[in-house]
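Visitor: What follows is a single structure, and I will ask about it in a moment.
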Amino acid sequence: MDDRSTDEYRAAELAGFLLPGQQALIHERGWLKMLAPRAAGGAELPLPDVVRLEEELAAQDGSLGWVVTLCAGAGWFAGFLPPAVARDIVGTPRVCLAGSGAATGYADLDGDSAVITGRWDYASGAPMATHFTLNAVLREQGTVLCDDAGQPRIRAFVVPAAHVTLEPSWHTIGMRASASQAYRIDGARVPLSHGFTIDAAHATAQGPLYRFPFMALAYVTLAANLLGMATHFIALAEPLIATRRRHGGDVTLLDVPAVASLLADVRDALARDRAAFYAALDKAWERVAAHAAADEDTLRTVSLRLVDTCRQAVDGLYPYCGLRAARADAAINRVWRDFHTATQHTLLLPA
């Protein structure tokens, strides 16, 4: 990474959102449309290609990779919308879908529309979003609708950003430029055609991408981001550790053979679990493409194992990097903070 890029990522962190130039690059490359259906104007790329790209982007900058991953993931929902609605949304200039999976609002059914009210947290990329996705509890005439098991019925919707009010709630040590703000909707009326069900049986787009299990897709895309950030951290840590070996002062405190062995172990473990992760993903994709079922349990297991290995790598090397790694303006400190913020995603927490 060149100094200009490093300065840009630092400036985005200080600003609290991706800068106009970064946003322009994202749109120029079409990254936010890479999981949207071709029939709607998306790229509909094979999932293994998307995940490898997301790893690469996260290795450049955590917030950049995270926003692309989460917003492109929301773009995937276009494959479950009525085709005309999907084309209209994906065709929006500089389209960006942000959102939240929590059902922290209500959708009051009224004829062929729903009146949506509620507040949702953690919409990564919120400032650049043209649309927001959400889950809402269905009501009719003020009464919550329940399914056959007596549980509230929940429906996913996509809502134009004009109906959304952002709330600046994202105050974290890292991932600051992801701008994962909360948002509020106060009685927005949207057509029922903007509702959708995230399930292969309800896909409106053809192709394996929309038969791939949602939770498995979430695990592999998030794990790839942590892998990219951990790889970036290791690349920045190695020269710091090498500098401590060469110079005086606290260098004498380093057990050089032990640190060299630790670095080798970290590289080996990460390479091993990365290979297992992509082998499982590639196999799952081949199975889904052949109209067979993906092994969701294996994808979750290899994803969480990879995340755990990334945690061990970052936390194992950080103590050997010295005070330079503790400077708030140091690139390695930003990566360290981004990594540890991203690991707090609900799906990535230890069992």
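The values are calculated or read from the model by the stated rules, or taken from the named source; none is laboratory data. This structure is a prediction, so every number in the text was calculated from the model and none was measured. Note: ideal-geometry Cβ built from the backbone for every residue, glycine included; neighbour counts use all protein chains shown. Surface areas here come from the heavy atoms of the whole protein model, side chains and all, with no ligands, DNA or RNA. Shrake-Rupley method; radii C 1.70, N 1.55, O 1.52, S 1.80 Å.
Visitor: Along the Cα-to-Cβ line of residue 151, 7 Å from the Cα, sits a label point; which residues in segment 193-224 have backbone N less than 12 Å from it?
Guide: Under cut-off, by backbone N: nothing.
Visitor: First compute the accessible area of segment 164-245 with a 1.4 Å probe, then give the percent of it belonging to carbon and sulfur atoms.
Guide: About 59 percent, which is the carbon plus sulfur part of the accessible surface.
Visitor: Can you list the equivalent-ellipsoid semi-axes of segment 290-351, largest first and in whole Å, using the square root of 5 times each Cα gyration tensor eigenvalue?
Guide: 32, 11, 10
Visitor: Excluding ligands, DNA and RNA, what is the solvent-accessible area per residue of segment 206-245 at a probe of 1.4 Å, expressed in Å²?
Guide: I get 27 Å² per residue for segment 206-245.
Visitor: Provide the FRET efficiency to the nearest 0.05 for the residue 184-residue 298 pair, computing r from the beta carbons and using R0 = 51 Å. If you can, show how the numbers build up before the last one.
Guide: On the way: r = 39 Å, r/R0 = 0.76.
Result of the calculation: an efficiency of 0.85.
Visitor: Leaving ligands, DNA and RNA out of it, report the carbon-plus-sulfur percent of the accessible area of segment 257-321 at a 1.4 Å probe. Could you put the intermediate results ahead of the total?
Guide: Numbers: 1700 of 3300 Å².
Of all accessible area on segment 257-321, carbon and sulfur atoms account for 52 percent.
Visitor: When you count, for each residue, the other Cβ atoms within 10 Å and take the mean per peptide, how do 138-145, 198-205 rank with the highest first?
Guide: 198-205, 138-145
Visitor: Mind ordering 317-326, 275-284 by average Cβ neighbours within 10 Å, highest first?
Guide: For the peptides 317-326, 275-284, the packing ranking is 275-284, 317-326.
Visitor: Turning to a different aspect of this structure: May I have the extent of the alpha carbons of segment 80-191 along their three principal axes, as whole Å values ordered from largest to smallest?
Guide: For segment 80-191, the Cα extents along the three principal axes come out at 42, 33, 23 Å.
Visitor: Using a probe of 1.4 angstrom, how much of the accessible area of segment 87-139 is carbon and sulfur, in percent?
Guide: 49 percent
Visitor: Quick one, can you get me the convex hull of the C-alpha atoms of the chain expressed as volume per residue in Å³?
Guide: Hull volume normalised by residue count: 135 Å³.
Visitor: Same structure again: Report the calculated FRET efficiency for residue 197 and residue 272 (r = Cβ-Cβ distance, R0 = 41 Å), to the nearest 0.05.
Guide: 0.60
Visitor: Something else now. Using the alpha-carbon centroid of each, what span in Å lies between segment 1-77 and segment 156-225?
Guide: Using only Cα atoms, the two centres lie 15 Å from each other.
Visitor: Where the Cα atoms of segment 147-298 are projected onto their three principal axes, how long is each span, largest first, in whole Å?
Guide: Cα extents, longest axis first: 68, 44, 30 Å.
Visitor: So, one more: According to a simple spin-label model (label point 7 Å from Cα along Cα-to-Cβ), what is the distance in nm between residue 117 and residue 305?
Guide: 4.9 nm
Visitor: How much accessible area per residue does segment 17-124 have, in Å², with a 1.4 Å probe?
Guide: 37 Å²
Visitor: What is the percent of Cα-Cα separations in segment 1-105 that go past 24 Å?
Guide: Looking at segment 1-105, the distances longer than 24 Å represent 27 percent of pairs.
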